[in-house]
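Enquirer: Have a look at this one.
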Amino acid sequence: MTAVSKPTPAPLTERQEARRRRILHASAQLASRGGFEAVQMREVAESSGVALGTLYRYFPSKVHLLVATMQDQLQQLHETLRKRPPTEEEPSARVAQTLMRAFRAMQRAPRRAEALARALTFADRSVSPEVDMVSRLTTAIIVDAMGLEGAPTPAQLSAVRVIEHTWHSALITWLSGRASIAQVKIDMETVCRLIDLTSPT
């Protein structure tokens with residue numbers, strides 16, 4: 001039996017994109033003020049000026065919304081990093097510097113960081129496309145920071161995945177108060193040395 005692929009959703013109109021951006025902004029603001037519990041769909045709808053039913057057409061659940069908010073935050077970070085790339089010479093140091101900049105951005109809004117991390121942890125298979133996009137963005141941020149002349153090798157991509165896992169784990173331990181920013185920095189610098197080990201000779 002031939003599997004039927006899902007149709008690709010039509011691109012959003014300018015008005016729909018503006019509405020989506022208002023929703024994501026409201027989600028981020030509510031999360032910054034009160035964390036995961038503060039992001040209630042009805043309040044998001046009221047804050048963004050959309051009907052509750054419209055909000056659910058864009059985001060079927062709170063977890064969908066918060067993972068999309070994390071995606072949006074990462075896109076903004078990626079744009080900022082492209083304008084102000086890391087200054088270190090070695091690829092491993094460049095990646096560590098980049099990821100610590102991301103941590104410091106989260107440090108400025110810890111409740112929002114906690115809400116986004118919890119949403120990623122709670123995400124089930126229905127949120128897979130959004131979670132995959134978060135992973136792809138994180139990969140792109142790391143690969144950009146490496147400053148490669150060509151495409152990364154399979155070994156380098158494997159190192160990037162390990163770095164991503166460590167970064168996510170470090171975020172969770174920091175948010176739970178089990179690790180300081182200083183410890184996170186040491187851990188990220190350590191795992192980023194995998195980049196040097198997997199660089200072609």
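The values are calculated or read from the model by the stated rules, or taken from the named source; none is laboratory data. Note that the structure is predicted; figures quoted are calculated from it, not measured. Note: ideal-geometry Cβ built from the backbone for every residue, glycine included; neighbour counts use all protein chains shown. Side chains included, ligands, DNA and RNA excluded: accessible areas come from the protein's heavy atoms. Shrake-Rupley method; radii C 1.70, N 1.55, O 1.52, S 1.80 Å.
Enquirer: Please give, to one decimal in nm, the separation of the simple spin-label points placed at Ser61 and Ala140, each 7 Å out from Cα toward the Cβ.
Expert: Output for this residue pair reads 2.6 nm.
Enquirer: Using only the heavy atoms of the protein chains and a 1.4 Å probe, how would Ser47, Ser158 rank by accessible area, largest first?
Expert: On the way: Ser47 75, Ser158 50 Å².
Ranked list, largest accessible area first: Ser47, Ser158.
Enquirer: Right, something else. Would you work out the charge dipole size for region 19-132 about its Cα centre, treating the Cβ of every Lys and Arg as +1 and the Cβ of every Asp and Glu as -1, and quote it to the nearest 20 debye? It would help to have the intermediate numbers written out before the result.
Expert: Details: 19 positive and 12 negative charges, 82 e Å.
Dipole of region 19-132, to the nearest 20 debye: 400 debye.
Enquirer: To check my understanding: the extent here is largest minus smallest coordinate of the Cα atoms along each principal axis. What are those three numbers for region 100-165, in Å, largest first?
Expert: Principal-axis extents of region 100-165 (Cα, largest first): 37, 30, 15 Å.
Enquirer: Which one, Gly49, Gly35, Gly150, has the greatest fluctuation when you compute a Gaussian network model over the chain with C-alpha springs under 10 angstrom?
Expert: Evaluated over the chain, the most mobile residue of the options is Gly150.
Enquirer: Does anyone have the angle between helix 110-122 and the longest principal axis of the chain? Alpha-carbon axes, 0 to 90°, nearest 10?
Expert: In the chain, helix 110-122 runs at an angle near 80 degrees to the longest axis.
Enquirer: Leaving ligands, DNA and RNA out of it, rank Met133, Met106, Met146 by accessible area with a 1.4 Å probe, largest first.
Expert: Ranked list, largest accessible area first: Met133, Met106, Met146.
Enquirer: When the accessible area of the chain is split by element with a 1.4 Å probe, what percent falls to carbon and sulfur?
Expert: Of all accessible area on the chain, carbon and sulfur atoms account for 53 percent.
Enquirer: Could you work out which residue, out of Ala182, Ala109, Ala38, moves most in a Gaussian network model of the chain, that is, has the largest mean-square fluctuation with Cα springs under 10 Å?
Expert: Comparing Ala182, Ala109, Ala38 in a Gaussian network model of the chain, the most mobile one is Ala182.
Enquirer: Rounded to the nearest 500 deg cm²/dmol, what is the calculated helix-only ellipticity per residue at 222 nm for the chain, with -39500 (n - 2.57) per DSSP H run of length n ≥ 4?
Expert: Helix contribution divided over all residues of the chain: -23500 deg cm²/dmol.
Enquirer: When Lys and Arg each count +1 and Asp and Glu each count -1, what net charge do the other residues less than 12 Å away from Glu14, Cβ to Cβ, add up to?
Expert: +3
Enquirer: Moving on. What is region 47-201 by shape, rounded, prolate or oblate, if you read a ≥ b ≥ c off the alpha carbon gyration tensor as root eigenvalues and call it rounded for a/c under 1.5, prolate for a/b larger than b/c, and oblate otherwise?
Expert: It comes out prolate by the Cα gyration axes.
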